[in-house]
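The values are calculated or read from the model by the stated rules, or taken from the named source; none is laboratory data. Bear in mind that the values here come from a model prediction, so they are computed numbers and not experimental data. Virtual Cβ from ideal backbone geometry, glycine too; neighbours counted across all protein chains shown. In case anyone asks, the SASA skips ligands and DNA or RNA and just uses the protein heavy atoms, side chains included. Shrake-Rupley method; radii C 1.70, N 1.55, O 1.52, S 1.80 Å.
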Amino acid sequence: MFNIKKIYEDEYVLILSKPSGLTVNRSKTEINETLQDIMEKEYGSFFPKEESEFSERLGIVHRLDKDTSGLIITAKDPESFRVLQEQFKNHEIKKEYICLVFGEVKDELFEVNAPIKRSLNNRLKFAVVKDGKNAKTTFERINTIIKESPSGSIALTFVKAMPHTGRTHQIRVHLLTLKNPIVGDKTYSSMFQNKKALELGYKRLMLHALKLGFYHPKTKAWIELKDTLPDDFEGCII
């Protein structure tokens with residue numbers, strides 16, 4: 001069973017904190033319970049039995065990777081769903097993530113502006129490619145920690161990531177280009193780094209959607225919400 005926290009709710013929107021390991025969308029290959037399944041059990045009455053994107057997605061406005069935790073927006077009616085999707089499309093949503101990366105990051109504030117598309121060598125990965133879709137992320141160093149393991153000490157850095165676009169795996173790929181992959185990222189880290197992460201006790205992708213800001217679909221008021229950090233982010237100074 002997954003522990004899903006309710007962060008905010010009114011008659012138009014519902015903001016949840018998704019745990020790591022929970023897939024958002026149903027698919028033919030996903031045999032485990034998804035966030036969509038949970039939404040149907042808890043809020044099925046909101047979704048009319050009709051063929052519409054709102055009903056098919058169970059009001060879930062956007063996506064988070066399975067292993068990413070944190071805030072996710074759902075809508076309770078078709079119009080709120082449409083308005084919130086438009087805000088994502090127009091890059092009006094404010095998103096802030098916290099991640100733990102390998103290495104000591106020295107720059108306090110930096111930006112990666114590099115196009116992304118699906119990798120030609122591995123269809124499960126994305127990569128920086130010249131003819132990819134525009135992707136820009138601003139990063140801010142939070143603090144560096146030194147962790148001890150049986151094979152020696154290693155520097156890790158907590159980093160704040162603020163994506164300006166919403167490409168698949170954007171934060172993960174941009175950090176990889178800096179040679180600072182996210183701890184616990186089995187897709188983009190090396191075999192050595194994955195082994196090191198397990199030695200240090202990190203069993204998940206250390207990426208958390210901490211803050212969300214959006215215009216309320218009905219009142220148009222700006223709403224900014226903040227989640228708590230998971231326990232395994234101990235040592236992060238925010």
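At a Förster radius of 25 Å, what calculated FRET efficiency corresponds to the Cβ-Cβ distance of residue 219 and residue 50, to the nearest 0.05? Rounded to the nearest 0.05, the efficiency is 0.40.
Among 40, 111, 11, which one shows the biggest mean-square fluctuation in a GNM of the chain, springs joining Cα atoms closer than 10 Å? Evaluated over the chain, the most mobile residue of the options is 11. In straight-distance terms, cross-link reach from residue 186 covers every one of the aspartates and glutamates whose alpha-carbon lies under 15 Å from its own, apart from those fewer than eight places away in the same chain; here that gives 65, 67, 199. Computed about the Cα centre, the dipole magnitude for the range 91-238 is approximately 780 debye when only Lys and Arg (+1) and Asp and Glu (-1) carry charge, each at its Cβ. Residue 162 sits among other residues whose Cβ lies under 11 Å from its own Cβ, and their net charge, with Lys and Arg +1 and Asp and Glu -1, is +2.
Cβ-Cβ distance of residue 129 and residue 109, R₀ of 30 Å, FRET efficiency by 1/(1 + (r/R0)^6): the value works out to about 0.70.
A Förster radius of 45 Å combined with the Cβ-Cβ distance from residue 138 to residue 191 puts the calculated FRET efficiency at roughly 0.90. Dipole check for the range 1-137: with +1 at the C-beta of Lys and Arg, -1 at the C-beta of Asp and Glu, and the Cα centre as origin, the magnitude is about 640 Debye. Ordered from highest to lowest accessible area with the whole protein assembly present and a 1.4 Å probe, 123, 141, 82 read as 123, 82, 141.
For the options 209, 135, 155, a Gaussian network treatment of the chain with springs between C-alpha atoms closer than 10 Å singles out 155 as fluctuating the most.
For Cα Rg over 2.2 N^0.38 Å, the value computed from the atomic coordinates appears in the list (1) 1.04; (2) 0.94; (3) 1.09 under label (1). In the chain, the DSSP beta bridges split such that about 95 percent are antiparallel, to the nearest 5. Computed over protein heavy atoms with a 1.4 angstrom probe, the accessible surface ordering of 191, 1, largest first, is 1, 191.
Counting only residues at least eight positions apart within a chain, or on another chain, the aspartates and glutamates with an alpha carbon under 19 Å from that of residue 179 are 104, 107, 108, 111, 140. Per-residue extension of 0.36 nm, minus the Cα-Cα distance of residue 31 and residue 3, leaves a gain of 8.2 nm for this segment. Among the lysines, select those whose C-alpha is under 20 Å from the C-alpha of residue 89, and discard any that sit fewer than 8 residues away in the same chain. Residue 89 reaches 76, 117, 133, 136, 211, 218, 220. Spin-label pair residue 41-residue 229: with each label point 7 Å from Cα along the Cα-Cβ axis, the two points sit 3.1 nm from one another. Each Lys and Arg Cβ is given +1 and each Asp and Glu Cβ -1; about its Cα centre, the range 189-236 then shows a dipole of about 260 debye. Kirkwood radius and radius of gyration were both taken over the C-alpha atoms of the range 71-196, and their ratio Rg/Rh is 1.03.
Every helix of 4 or more DSSP H residues in the chain counts as -39500 (n - 2.57), and over all residues that averages to -5000 deg cm²/dmol at 222 nm. Largest mean-square fluctuation among 133, 160, 18, in a Gaussian network model of the chain whose springs join Cα atoms under 10 Å apart, belongs to 133. Once you have a ≥ b ≥ c as the square roots of the Cα gyration tensor eigenvalues for the range 147-190, tell me rounded if a/c is under 1.5, and otherwise prolate or oblate according to whether a/b is larger than b/c. Prolate, since a/c reaches 1.5 and a/b exceeds b/c.
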